[in-house]
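The values are calculated or read from the model by the stated rules, or taken from the named source; none is laboratory data. A quick note: this is a predicted structure, and the numbers were derived from the prediction, not measured. Here Cβ is always computed from backbone atoms with ideal geometry, including for glycine, and neighbour counts include all displayed protein chains. Remember, those area values only see protein heavy atoms, side chains included, never the ligands or the DNA or RNA. Shrake-Rupley method; radii C 1.70, N 1.55, O 1.52, S 1.80 Å.
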Amino acid sequence: MNAYQEFKMIGSRPVRPDGLDKVTGRARYGADLNMQGQIYGHVVRSPHAHAVITSIDCSKALAMDGVLAVMTGDDLVKPGNEMLGSGEGAMALKDVVPMVMSQGKVLFHAQAVAAVAATSPELAAEAARAVEVTYDVLPAVTDVHKALAADAPILHNDRFPDGYPEEPTNLATHISLTVGDPDSAFDKADVVIEQTYSVPMCHQGYIEPHACAARADAAGRVELWCCTQGHFTVRHYTAAVTGIDMGKIKVTASEIGGGFGGKTTVYLEPLAVVLAQKSGRPVKMVMDRGDVFRATGPAPGAETKVKLGATRDGKLVAADVECLMDSGAYNGNPAGIPAFMATACYKLTDARSTGRSVYTNKPKIHAYRAPSIPQVTLGFELAITELAAEVGMDPIEFRLLNAVEEGDANMMGAPYNRIGLRECLEVARNHDHYKSAVADGAGRGMAMGYWINAGMQSSATLNVIADGHVSILTGSPDIGGSRASMALMASEVLGIPFEHIHPQVAATDAVGHCDVTGGSRTTLATGQAVIQAAEQCVAEMCRRAAAEWEVEPGVVAWSQGAAHYGDQSLTFEELASRAGAMGGPLTFSTSLTSTSTAPGFGVHICDAEVDKETGRTTITRYTAIQDAGKAIHPDYVEGQLQGGAVQGIGWALNEEYLYNEEGALENPGFLDYRIPVASDLPFIDAVIVEVPNPLHPFGVKGVGEVPIVPPMPAIAEAVYQSTGVRFRDLPLNPPKIVAALLDN
Amino acid sequence: MAVQEFISPTSLSEAQLVVGDGAASSWLAGGTDLLVGIRLGARDPARVIDLKQIPELTAIEIDETSVRVGAAASAFDVLHNSDVPSLFPGLAEALNLIGSTQITGRCSAGGNLCNASPAADSIPALIANGAQCRILGPDGERTLAVEDFVVGPNQNALASGELLVELILPRPPAGTSDAYLRLTPRTEMDIAVAGAGVSITVDESGTCTAARVAIGAVAPTALLVEVAAQALVGSQLDQAAIDAAVAAVRAAATPISDKRGTAEYRTHVVGVLVSRAIANAQARIQEARS
């Protein structure tokens, strides 16, 4: 296994280093930086969902007193076919630039068309209204089926998915994978379920709107401050969108009030940079809530057809899944994940999985917590539950019979290492929640979920301070308690108190490259970099102690924060205070591309009670069980389980993007875009299962995304059990439930 | 155009004087609708006149015949008054549903009424309790029933220069109680898809001797449904009477379908709410007697 089987710090629950500032209002978020001489940017947005821009006249705005800069899409790079990044985070430049600002054509309502900067926010807003834009308005299409119809308005005349002839269509991508021979495998099935399920487009609902501040110096260098899940990505994308050398851009990440995948790209940042360059003044930009909903990347709505076959004794023998996803106006690549991962929880030797995505006149979709998997899992898991009922098996027993384990391969081909899905199912089966009686009138559902979890690039720098404290710099914005986790891991290796370790999220010029905080990778991969840096520190301290004692370094042992040989010892503090005389400053930097990742699995149990007269659903009990590998700081693992469950509850019951006929969003605010409030929720019982990841020194597996995968099917099943009516289209809001109950 | 002028008169006569010049003004009570409207660009007053420094407008006074609630008295002050919540538990329910705790500290029943949203929570509860509006204008005073005060979505009966001074609720007779219920997808921080305010009087024999039934969010304005009340009066509040009242409110409802719910759903659920509100009021009367 590893050298740290007996953990001293890992698994404890100290107060997070950033906690006090957050609860006392002192933490500095995206909109909290103010610079001397700062002016304010404001974006001009399209009132149409589909239009050709025939002219933009900024002259009246620029002539206003106090207006110092104006810009349009002409001030940004004209993208060709460049790709930004690779692997999970890959994005085509032509899909990034128009989400910052349109160039000639508008493809969704509220798309940015111009921006101004002025000496006050009010003046900037007024100047934005003075920008004159003329449009040739085109018909808009917001529904995926209508977008695929023969008479649909075409969004892109120059984009053709692989394998399709070059004729204009709104089909963005089409990916299909097959293992074995699913068509003939269905012949072996005694029971076949074939149903269609749907999930609406929704938003991540992060509380902090996008915000940034930019300044440009006389030599053309640029500094950016912004709330983001990845400031190295902000640097990369801002450079690509503006044409400024990446090396001339420094980005500092502020504290972040939620991201959930939605803050892994740029919207305002390149605009603030261009306006700062043009005006010669620092420029601050803050998006309002309505524009966050209207013009940043939501999660795709999806329709999933699922066909499953099983033998009478409950063995799953064949699957055919087809997921149709809404890409929005540009390619957000939502279709690959369902194709690759829809069947990932189940032993299936004969299966086909297809993903298609479609352009519509809506903002380009973006990542939201286990992107695209909750949508397809609603269908797959509900179909599994329906199948289990058909063969007369308990849904957990059915899953235990068919769940993947070590050595099984999924659609992507590679066999699983040691995973914890069966352990989670067994914990669920034996949990008091599952064994308890369901209350009269309520129903119970359960479902499981998978996420691949990312590794990617991380760096860390560990500086030993003369008083024996340590600063740890990483480039991973802390969206879920990662600074606490980094400090715990360093504390474990170094053997010094948690409180002596000061973790920070460093700017792009202060630490090695880090990919975004996303893919549930930070504790795993950035944590690995921190562990390695701390191990290098220990090795160097042992070497210095050995030199002092004139012995071979190999004979010096490190324990309890000190080097030992025989009855001699030198503490961390002594070695830190004498560093100058013993070899110089103690600084350790590590960088890596982590290949230690392990997939995550979770099982959720939900009790729901539907008011049969009003159609309101109350979640009365909820248990989220997940294999965390090893929980570094259990509070934040539990927080991830609870938060994911809550977001899934919102998506299942009420969250939904509502577009009108003209293609404008009807509910761009938290009043009518209904994320749950605290009183809507029961206590979410989080149960951590620990099946250590054999590839990681501390056994860590990513945990942040899996928890949003099981809720929708678990809740839909609970609503069915409460009402006796099978709902396959979300959200399960009161009007929909009452309409179905009255029909019944 | 931003707000050019902010005035805080300290008496009714000063307030009257201020609006005398006829410039576009908005009265400011709690501001929980006005300030949001200004920020969204839906409202654009040149002048805002704060009412909270006028003693009559924030006073809550109770005598033997009536309860008088100043138009700018905060929902929090009404909810924490020593008598009002027990006299009108349904009105208290309605006020307590307006926004968060922070909003409840600012908003007022008078402001909720003047804003005249079809979905306002306090309006059906005020109508159910027979509340009257005392209005002061350049030509003197007048009184108007709450059900006549709202004339359309976000339109009230105030003429230019007129000010809602207070709401006057008759003290409920013995054996009377009220209840307010609304349907929202969320438990709070939401806006009514339908609402129902009911006040009933029940004698010792269990016979309903008086009733007022009001519904919200199912028509351009909150409605007093007299047919529903007539179905209850004289009955033992038996199932047939309740069913007749439910049918009456469903017949009176003329809702729209919008992002918050379909017309069919609203018509259905307003009946459910009325039925449950009657049961709640009846239970309160029984509890007071036992």
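Assorted remarks:
- Residue A:244 without any contact (Cβ under 8 Å) to a residue 40 or more places away in the chain and part of a loop (DSSP other than H, G, I, E, B): yes
- Candidate set from region B:49-73 (those that are out of contact with any Phe, Trp or Tyr (no Cβ under 7 Å at 6 or more places or on another chain) and β-branched (Val, Ile, Thr)); member that is farthest from residue B:4 (Cα to Cα): B:65
- Residue that is nearest to residue B:214 (Cα to Cα) [pool: residues in region B:260-272 that are touching a residue at least 40 places away in the same chain (Cβ under 8 Å) and more than 8 Å from chain A (Cβ to nearest Cβ)]: B:270
- Residue list for region A:3-21, restricted to those being under 23 Å from residue A:226 (Cβ atoms) and either open to solvent by 60 Å² or more (accessible area, probe 1.4 Å) or assigned to a loop (DSSP other than H, G, I, E, B) (or both): A:16, A:17, A:18, A:21
- Test result for residue A:689, more than 21 Å from residue A:259 (Cα to Cα) and either in contact with a Cys (Cβ under 7 Å, 6 or more places away or on another chain) or assigned by TED's automatic domain parsing to the domain that holds residue A:291 (or both): yes
- Any hit, region B:215-223, residues being under 19 Å from the mean Cα position of the chain (by Cα) and within 14 Å of chain A (Cβ to nearest Cβ): yes
- With respect to the conditions (1) touching a Gly at 6+ places or on another chain (Cβ under 9 Å); (2) open to solvent by 20 Å² or more (accessible area, probe 1.4 Å); (3) part of a strand (DSSP E or B), residue A:349 falls short on a single one, namely (3).
- In a residue-by-residue description of region B:130-152, the property of being within 14 Å of another protein chain (Cβ to nearest Cβ), at positive phi and over 16 Å from the mean Cα position of the chain (by Cα) applies to no position.
- Residue count, region A:668-704 (criterion: part of a loop (DSSP other than H, G, I, E, B), more than 23 Å from the chain's Cα centre (by Cα) and within 14 Å of another protein chain (Cβ to nearest Cβ)): 3
- Residue check, residue B:204 more than 14 Å from chain A (Cβ to nearest Cβ), within 19 Å of the chain's Cα centre (by Cα) and over 30 Å from residue B:104 (Cα atoms): no
- Taking the listed residues B:212, B:260, B:284, B:289, the one that is modelled with pLDDT under 95 and more than 21 Å from residue A:737 (Cα to Cα) is B:289, with no other qualifying.
So that you can scan it fast, the table gives a plain yes or no per residue for (1) at pLDDT below 95; (2) open to solvent by less than 10 Å² (accessible area, probe 1.4 Å); (3) of a type outside the set (Gly, Ala, Ser):
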{"position": "A:305", "(1), (2), (3)": "no, no, yes"}
{"position": "A:317", "(1), (2), (3)": "no, no, yes"}
{"position": "A:360", "(1), (2), (3)": "no, yes, yes"}
{"position": "A:373", "(1), (2), (3)": "no, yes, yes"}
{"position": "A:383", "(1), (2), (3)": "no, yes, no"}
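- Subset tally (residues that are part of a helix (DSSP H, G or I) and under 22 Å from residue B:105 (Cα atoms)) for region B:1-39: 6
- Residues that are over 21 Å from residue B:133 (Cβ atoms) and crowded, with 18+ Cβ neighbours inside 10 Å, drawn from region B:48-82: B:48, B:76
- Among the residues of region A:200-224, the ones that are of a type outside the set (Asp, Glu), more than 21 Å from the chain's Cα centre (by Cα) and open to solvent by 10 Å² or more (accessible area, probe 1.4 Å) come to 6 in all.
- Per-region count, region A:399-423, residues more than 18 Å from residue A:689 (Cα to Cα) and open to solvent by 40 Å² or more (accessible area, probe 1.4 Å): 7
- Selection within region A:581-627 - in a helix (DSSP H, G or I) and within 14 Å of chain B (Cβ to nearest Cβ): none
- Residue satisfying all of: in region B:167-176; open to solvent by 10 Å² or more (accessible area, probe 1.4 Å) and assigned to a strand (DSSP E or B); nearest to residue B:249 (Cα to Cα) among these: B:176
- Checking the stated criteria, residue A:341 turns out to be more than 26 Å from residue A:81 (Cβ to Cβ), within 21 Å of the chain's Cα centre (by Cα) and not charged (D, E, K, R).
- The set of residues from region A:651-677 being without any contact (Cβ under 8 Å) to a residue 40 or more places away in the chain and either open to solvent by 40 Å² or more (accessible area, probe 1.4 Å) or closer than 18 Å to residue A:139 by Cα (or both) comprises A:658, A:660, A:661, A:666, A:671.
- Region B:178-201, subset open to solvent by 10 Å² or more (accessible area, probe 1.4 Å) and more than 14 Å from chain A (Cβ to nearest Cβ), residue nearest to the chain's Cα centre (by Cα): B:199
- Residues that are surrounded by fewer than 17 Cβ atoms within 10 Å (Cβ to Cβ) and part of a strand (DSSP E or B), drawn from region B:118-166: B:137, B:140, B:141, B:142, B:143, B:144, B:145, B:151, B:152, B:155
- Taken over region A:163-221, the residue count meeting the criterion of being at pLDDT below 95, assigned to a loop (DSSP other than H, G, I, E, B) and among the β-branched types (Val, Ile, Thr) is 1.
- Residue check for residue A:286: in the same structural domain as residue A:39 (by TED's automatic domain parsing), in contact (Cβ under 8 Å) with a residue 60 or more places away in the chain, aliphatic (A, V, I, L, M) and open to solvent by 10 Å² or more (accessible area, probe 1.4 Å): yes
- Leading residue by the ranking (most open to solvent (accessible area, probe 1.4 Å)) among those in region B:89-117 that are polar (S, T, N, Q) and touching a Ser or Thr at 6+ places or on another chain (Cβ under 8 Å): B:96
- The residues in region B:1-56 that are within 25 Å of the chain's Cα centre (by Cα), within 14 Å of another protein chain (Cβ to nearest Cβ) and without any contact (Cβ under 8 Å) to a residue 12 or more places away in the chain can be counted, and the count is 5.
Listed here are the residues, each with its yes/no results for (1) in contact (Cβ under 8 Å) with a residue 12 or more places away in the chain; (2) over 26 Å from the mean Cα position of the chain (by Cα); (3) outside the structural domain of residue A:279 (by TED's automatic domain parsing); (4) open to solvent by 70 Å² or more (accessible area, probe 1.4 Å).
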residue: A:92; (1), (2), (3), (4): yes, no, no, no
residue: A:95; (1), (2), (3), (4): yes, no, no, no
residue: A:131; (1), (2), (3), (4): yes, yes, no, no
residue: A:153; (1), (2), (3), (4): yes, yes, yes, no
residue: A:160; (1), (2), (3), (4): no, yes, yes, no
